[in-house]
Structure formats: structure tokens, C-alpha cells
Amino acid sequence: MKPVISYLDTKCTHCIKCLKSCPMDAISIVNHQVNIDESKCIHCDVCIQNCPSRVLKVQSAHMNETMKNHQYNIALIPTSLLSDMKSYEEFQRICQAILELGFDEIEQYSDIEGYLYNKAIEESHQKPGLWLTSFCPTINQLIEKNYPTLYDRILPYDYPVEIAARRIRKKHQGQDVGIYSLCECVGKMMLAKEPFGNMESAIDYAMTISHVFPKINKLKSNQKYPIEMNREGVKSNVEDLFGNRSMSIVRVEGLNQSRSLLDLIEFDQIQHIDLVAMFACYQGCIGGYYLWSNPFEGSYNIESMMEQYTLSDLKLNDEEYRIHRQLDHQEMLSMKERMAWFAKVNDILELLPQYDCGACGFANCRSLAQSIVDHKVDIQVCRVRKKGDEK
């Protein structure tokens, strides 16, 4: 895949807010250049939110250049878009405005989300042990890269938007269809073929909701698109509405809270829980960075329209949604190799001041020590240590 987050250095002030805010220590500044380590990055967009100069960005596909490539164009809208609406009628008017961007059809996938929501609750109660569910690519990457021992505890379900795209392909078999995913977050953006080159995806193009919002806001009229939404699918997008307090389900929002919980799970300190539902964004998917309203009001908006989500439940065949999750063990170090690597990192760390000042261009001294062990930089980049040596 192509790098997801691009760095535009024209206005960068090297304020180091990006590297200090990154929860994965994936950012460094070497030779006045911001570098993003794709092997660590989980595409959480925290760095983008914290960049005051707006030199970190995610590229969107361009409709003007791509729509003419297909006979028929379909927009897949995220269920979380409902959170930005004061009424269901306003949501239908927004969908009509999206259609008038040049699409031939608008599709939703809340019914797929609803089926997998119920299936996750059902299977987690039936299968022994604790299970994890997340349709957030950022959370799944976090588990894959930082908690590999828990990776096979993620329920083996594909992303609803991918399932929806495959169903569209089957429905329009023999027709040249362009499928566009309108996304509320960076994590979902990276699922598509364009602009990031994920050729295994059934989605052709990804665009941020905020990218098209000015246009659809101008096109909005009293005309409504006859779209229905599934109640259970809508609930699955909101942390407050996922499951209920009487179920053995833990819901957690935000990366810091998710990591704290995963730490406990990894050391077997969570008992009597069947299912953990995790969201990278606050309040769930409705906290996506590319939505325009705040998630706290959004939660109220979604719940106030609950009686209007009338789309009937869907039944999926196993082959439509089940996937085989497997880590690339060839790239993973053995436990012995990991312990040896950690020992080297700790040895280097002892030579560093451990102020975590960021003057070297790394988020903290441990991140610098790791890069030194991996032969990416030399220990001399530590400015504090150099001054100490001179004395």
C-alpha cells in the first residue's frame, strides 16, 4: 500500500506536536523532515488533528477525474453520518444531495452492521473465553502491531463496508460499476483501492465526508432520497448504545482507554466478560474526525431518531462475512529475538538522558533508542547527551 498520511513541508514549523501526540511513537523528525513509520502507524489521524500548520493530510479520490471511468457510480454512505443530522428528513435530503454530485445510486450498510452486531453478541456468549470485536481498522491495527497474542481473539468478521461493496458487485454483475466509500475517518479511508492502492478491496475509491460536504450542502434541497436504516446497525456505531448494561459486554472508546483495557486482557485480568467492543474515536464511529458535528450532540441526534430506523434485519451467509485472520509470522520476531532486541534497547536507553524532551526529533528516549538499535539513526542525534559529553 501507498503511505496514507502525507507530509507537506512548506509550512512546517517543527513544533513537534505531531510526534508528541502520536500514540504509537510512529513519527520522527530527522534532518528537518517529518517521517512516519508505516510499520508502527495505525492511521488514527491524531497527528493530523494536532498539527497547527496543517502540513499532514490524507488524500481523497477526486470524483471529477474518476466518475467518467465507469458506466454506473454508487456512493456508500457511513451510518455515522446520521449523527450530524437534526432529523431523519434532513438525513434523506443530504443523501439526495450526495446523489446529485453525479452518483447513480446511494447505498447504506447499516443492515450489515446490524447483522454482525447481533452475531458478535450471540457468538461471544456461545464460545468460551473473552472475544474482541471492532469494525475500526485503527483498533485492529493496534491489536495486530502491539498485542499480537490477542489477534486471534478478534471475531473473524470482515468490515461491513467491504461486505456491502461485494454485494453491490454481485448485484450489478456484468456492469461497469464504480464504488465510492464516503468515510468519517482515516482508518476507513485506507480500505479502498484508491488513493492508497489496497487492491484486495472491493471498493474503488475513498473520500472523506468533509471533502464533499461543501458541495452537498449547496446541493441540499427539499427533495429526499428514499433511504432506510437498520436500528441495530445504527446502535453498533455508538459506544453508548452498544449492548446494554445487563450483558457481559465491555464497551470502550478512545485509543488510551482501549490500550489500558488490552493491557489488562493480555495479562488475563478481565474476568466474567464475553465480549469487548472497541472504538478508536470518542463516542464510537460518530466521533470520526471527518464528520462536522461533535459526537456528544451526535449521540443525542442518533437516539432521538431511533423510531425512524425501520430497515428490516438482514441475513448473511457465512462466506459473505467470515474471514480468516492471520498474522504475518515471517515478519514477527521470536520471543527469544524480541527479548534480545529489548535488551539492546534498554542498554541504549541507559546512555540517554531520559528527559523525553523531543529535541532529537523522536517522541521520547525509548523511541530514539529503538531507532538506534534498528540502525535508522545514530546516538549522536541526542542533543542533550552531546552537550553533556562536551562538558
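The values are calculated or read from the model by the stated rules, or taken from the named source; none is laboratory data. What you see is a predicted model; the values in this text were computed from it and never measured. Using ideal geometry, Cβ is built from the backbone for each residue, glycine included, and neighbour counts are taken over all protein chains shown. The accessibility values were calculated without ligands, DNA or RNA, using every heavy atom of the protein model including side chains. Shrake-Rupley method; radii C 1.70, N 1.55, O 1.52, S 1.80 Å.
Brief remarks follow.
Condition check ((1) farther than 30 Å from Ile372 by Cα; (2) modelled with pLDDT of 95 or more; (3) more than 25 Å from the chain's Cα centre (by Cα)) across all residues:
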{"position": "Glu232", "(1), (2), (3)": "yes, yes, no"}
{"position": "Gln271", "(1), (2), (3)": "yes, no, yes"}
{"position": "Met278", "(1), (2), (3)": "yes, yes, no"}
{"position": "Gln283", "(1), (2), (3)": "yes, no, no"}
{"position": "Asn317", "(1), (2), (3)": "yes, yes, yes"}
{"position": "Arg322", "(1), (2), (3)": "yes, yes, no"}
{"position": "His329", "(1), (2), (3)": "no, no, no"}
{"position": "Met332", "(1), (2), (3)": "no, no, no"}
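- Here Ala120 clears all of (1) crowded, with 16+ Cβ neighbours inside 10 Å; (2) out of contact with any Lys or Arg (no Cβ under 8 Å at 6 or more places or on another chain); (3) small (Gly, Ala, Ser); (4) farther than 29 Å from Gln257 by Cβ except the condition numbered (4).
- Residues within the range 243-254 that are open to solvent by less than 20 Å² (accessible area, probe 1.4 Å) and closer than 14 Å to Cys136 by Cα, tallied: 2
- Any chance Ser83 is over 22 Å from Pro195 (Cα atoms) and touching a Pro at 6+ places or on another chain (Cβ under 8 Å): yes
- Filtered residue count, the range 21-50, keeping only those that are touching a helix residue (DSSP H, G or I) at 6+ places or on another chain (Cβ under 7 Å), assigned to a loop (DSSP other than H, G, I, E, B) and closer than 13 Å to Val4 by Cα: 5
- Of the residues Glu144, Glu123, Glu162, the single one that is touching a strand residue (DSSP E or B) at 6+ places or on another chain (Cβ under 8 Å) and either modelled with pLDDT under 95 or part of a helix (DSSP H, G or I) (or both) is Glu123.
- Residue count, the range 224-239 (criterion: in contact (Cβ under 8 Å) with a residue 60 or more places away in the chain and either more than 19 Å from Met85 (Cβ to Cβ) or among the acidic types (Asp, Glu) (or both)): 2
- Sub-9 Å Cβ pairs linking a first residue in the range 260-286 that is over 25 Å from Ser299 (Cβ atoms) to a second residue that is assigned to a helix (DSSP H, G or I) and of a type in the set (A, V, I, L, M), at least 6 apart or interchain, are Ile265/Leu150; Glu266/Leu150; Ile270/Leu261; Ile270/Leu264, ordered by first then second residue.
- Between Ser53, Ser60, the distinction of being surrounded by 17 or more Cβ atoms within 10 Å (Cβ to Cβ) and either in contact with a Ser or Thr (Cβ under 8 Å, 6 or more places away or on another chain) or without any contact (Cβ under 8 Å) to a residue 24 or more places away in the chain (or both) belongs to Ser60 only.
- Options Gln49, Gln33, Gln108; residue that is polar (S, T, N, Q) and under 30 Å from His172 (Cα atoms): Gln108
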